[in-house]
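Shown next, in structure tokens, is the structure this report addresses.
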Amino acid sequence: MPIANGGWIISSSTPKLDGSYAYNRKVAELAERHGLDFIMAMSKLRGFGGATEHWRYSMESQILMAALAAVTSRVKVWATVHTLLQNPAVTAKMMTTLDHVSGGRAGLNVVSGSFKNEFEQMGAWRDDLDHDDRYAFAEEWVHVIKRLWSEPSVTHDGPYFQLKDCQCDPKPLSDPRPFLVCAGTSSRGMKFSIEEMDAIFLGGATVEELAANSRKAKQMARDVGKTIKTYSMINLVIGDTDEAAAATAESYRAGFDEGALHGMMRAYGFLDLEVGKENVFVQKARSGFISEHAVGSAETITEKLTTLLDAADLDGLMLIFPDYLEGLPVFAEKILPVLRARFPERAAA
């Protein structure tokens, strides 16, 4: 969902996404009308700066999804929570509320925390927790939430959380509980997702790397007697022709916001290490696109997504559009039916 200004392209020449509730409501209604499976809102509390002030203006994830749940009836609604910022008992209650508002359609995207300057602004960054420690923290956080969703009362004394006769009623409507998803390709992140989540968002520098990550995650799940769904995120620039789509993408590159790129690198914690180095991340970002993207006519995009789903053995895609009100209907009418016919076993994944 486009909950922050600028969407997923750091450029001054993109369609003007303002991150407003009004725009997000229109997008949610389109997703509902056109039969998409879920809508998901990230959690963003500080933007990247630059001339475009990218992602400075944003909605809060859980409250927005509750509002959108009330104006939809079928599409699943997934909110995002940073584990370092929110007590698990509070999260359990808020997600239960979202599940009731939505009639059992709630999902939770769990983020273990990696944006130092975003958390430092409110005094919430923890220097005592490294990458793996944050996953240990998140594991205990999720364990507490699962217990609160299923047990009459929870008493817990762990390294990070202490609960005494803690109650969370009513219980969620979802059976067995709201859907859980996480992103990450590190071995520790995959281990956490496989053990605690229902699905994992994955990326890769190439289709081959994404495929390797997807196969690795599914094999790790099989090794512990589980299954895991794998998804990937992609931005779609759809034109009447390949040439028209390419021209649109080039116009976004022409408006690239260098200052916002530096802000993004700073947020990810590696600006000082990477200044002056054109690594893969920086090279891709200079296209203007934050995420993976596909450019072309509806027919070309269909071919690219078919190849991606097939080669990487993905269960689904999380879609982004430069202009949702224009791009989402085209995708739903011209591309989605072909993909669902090609992959019927994944139509309800």
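Using θ = phi - 60° and the Karplus form 6.51 cos²θ - 1.76 cosθ + 1.60, what ³J(HN,Hα) does each residue of region 230-245 get, whole Hz, x for Gly and Pro?
The phi angles translate into 10, 10, 9, 9, 8, 9, 10, 9, 9, x, 5, 9, 4, 5, 5, 5 Hz.
How large is the direction-averaged shadow of the alpha-carbon convex hull of region 93-252, in nm²? Numbers along the way, then the final one.
Working: hull surface 54.1 nm².
That works out to 13.5 nm².
Can you tally the net charge around ARG346? Count Lys and Arg as +1, Asp and Glu as -1, for every other residue whose Cβ sits under 14 Å from the Cβ of ARG346.
On the way: positive: LYS218, LYS229, ARG340, ARG342; negative: ASP37, ASP310, ASP313, ASP315, GLU345.
Around ARG346, the surrounding residues sum to -1.
For the chain, what does the relative contact order come out to in percent, with C-alpha contacts under 8 Å and a separation of six or more?
Details: 642 pairs, mean separation 67.6, N = 349.
Reported as a whole number, the value is 19 percent.
How long is the gain from GLU299 to SER251 if the chain were fully straight, where each residue apart is worth 0.36 nm and the alpha carbon distance is subtracted? Let's see the in-between values first.
Numbers: separation 48, 0.36 × 48 = 17.28 nm, distance 2.16 nm.
Extending this stretch completely gives an extra 15.1 nm.
What span do the alpha-carbon atoms of the chain cover on each of the three principal axes, reported in whole Å from largest to smallest?
63, 47, 42
What are the residues whose amide H is under 5 Å from the amide H of LYS229, where those residues sit 5 or more places off or on another chain and H is modelled from the backbone?
Correct list: ALA199, ILE200.
Can you give the charge dipole size of the chain about its Cα centre, rounded to the nearest 20 debye, using +1 on the beta carbon of Lys and Arg and -1 on the beta carbon of Asp and Glu?
In debye, rounded to 20, the chain gives about 620.
Per residue, how much accessible area does the chain show when a 1.4 Å probe rolls over the protein heavy atoms, in square angstrom?
Numbers: 15180 Å² over 349 residues.
Here the residues of the chain average 44 Å² of exposed surface.
Roll a 1.4 angstrom probe over the protein heavy atoms and tell me the percent of accessible area of the chain that is carbon or sulfur.
Values: 8050 of 15180 Å².
Accessible surface attributable to carbon and sulfur in the chain totals 53 percent.
Give the aspartates and glutamates reachable from LYS304 as a straight Cα distance under 15 Å; neighbours fewer than 8 places away on the same chain don't count.
Here the aspartates and glutamates satisfying the reach criterion relative to LYS304 are GLU208, ASP242, GLU292, ASP313.
Quickly estimate the mean residue ellipticity at 222 nm for the chain, helices only: each DSSP H run with n ≥ 4 gives -39500 (n - 2.57), and the total goes over all residues, rounded to 500. All intermediate terms of the calculation are to be shown ahead of the outcome.
On the way: 14 runs with 151 residues, N = 349.
Calculated at 222 nm, the ellipticity per residue is -13000 deg cm²/dmol.
Taking a ≥ b ≥ c as the square roots of the eigenvalues of the Cα gyration tensor of region 74-114, is the shape rounded (a/c under 1.5), prolate (a/b larger than b/c) or oblate? Each step should come with its number before you reach the end.
Values: a/c = 4.45, a/b = 1.67, b/c = 2.67.
Cα axes put region 74-114 in the oblate bin.
For region 115-122, just list the computed ³J(HN,Hα) in residue order, Karplus coefficients 6.51, -1.76 and 1.60, θ = phi - 60°, integers in Hz, with x standing in for Gly and Pro.
9, 4, 5, 5, 7, 4, 4, 10
Could you compute the net charge surrounding ARG74? Neighbours are other residues with a C-beta less than 13 Å from the C-beta of ARG74; K and R count +1, D and E count -1.
0
Students often forget the sequence filter, so: which lysines lie under 27 Å Cα-Cα from LYS146 once same-chain residues fewer than 8 apart are removed?
Result set, ordered by chain and number: LYS44, LYS76, LYS93, LYS164, LYS171, LYS191, LYS216, LYS218, LYS226, LYS229.
Can you compute the FRET efficiency between ASP175 and GLU53 using 1/(1 + (r/R0)^6), with r the Cβ-Cβ distance and R0 = 51 Å? Round to the nearest 0.05.
Values: r = 43 Å, r/R0 = 0.84.
The pair ASP175/GLU53 has a calculated efficiency of 0.75.
Rounded to two decimals, what ratio of Rg to Rh does region 42-153 give with C-alpha atoms and a Kirkwood Rh?
Expressed as Rg/Rh, it is 1.01.
Provide Rg and Dmax in Å for region 48-110, with only Cα atoms included in the calculation.
13.5, 42
Taking 0.36 nm per residue of separation and subtracting the Cα-Cα distance, what length does fully extending ASP132 through ARG286 add? All intermediate terms of the calculation are to be shown ahead of the outcome.
On the way: separation 154, 0.36 × 154 = 55.44 nm, distance 3.01 nm.
Answer, rounded to one decimal: 52.4 nm.
Modelling each spin label as a point 7 Å along the Cα-to-Cβ direction, I'd like the ASP157/ALA67 distance in nm, to one decimal.
Each label point is offset 7 Å from its Cα along the Cβ direction, giving 4.4 nm.
Amide H to amide H under 5 Å from LEU163: which residues, 5+ apart in sequence or cross-chain, H placed 1.01 Å off N in plane?
HIS156, ASP157, GLY158
Projecting each Cα onto the charge dipole of the chain (Lys/Arg +1, Asp/Glu -1 at the beta carbon, about the Cα centre), which of MET265, SER11, TYR57 comes out farthest on the positive side?
TYR57
Taking a temperature of 37 °C and a viscosity of 0.692 mPa s, what whole-number D in µm²/s does Stokes-Einstein yield for region 135-199 with Rh from Kirkwood over alpha carbon pairs? Mind dumping the intermediate values first?
Numbers: Rh = 12.8 Å.
Translational diffusion coefficient: 256 µm²/s.
At a threshold of 8 angstrom on Cα-Cα distance, excluding pairs fewer than six apart, so keeping six or more, what relative contact order does region 1-152 reach in percent? Kindly include the intermediate steps, with their values, before the conclusion.
Values: 229 pairs, mean separation 30.7, N = 152.
Normalised by residue count, the contact order of region 1-152 is 20 percent.
Just to check I understand the Karplus step: with θ = phi - 60° and J = 6.51 cos²θ - 1.76 cosθ + 1.60, what whole-Hz values come out for region 191-196, glycine and proline as x?
The phi angles translate into 4, 4, 5, 5, 7, 10 Hz.
The values are calculated or read from the model by the stated rules, or taken from the named source; none is laboratory data. Worth saying up front: this structure is predicted, and the values here are computed from it rather than measured. So basically every Cβ, Gly included, is an ideal-geometry build from the backbone, and we count neighbours across all protein chains shown. We work out accessible area using only protein heavy atoms, side chains counted, and drop any ligands, DNA or RNA first. Shrake-Rupley method; radii C 1.70, N 1.55, O 1.52, S 1.80 Å.
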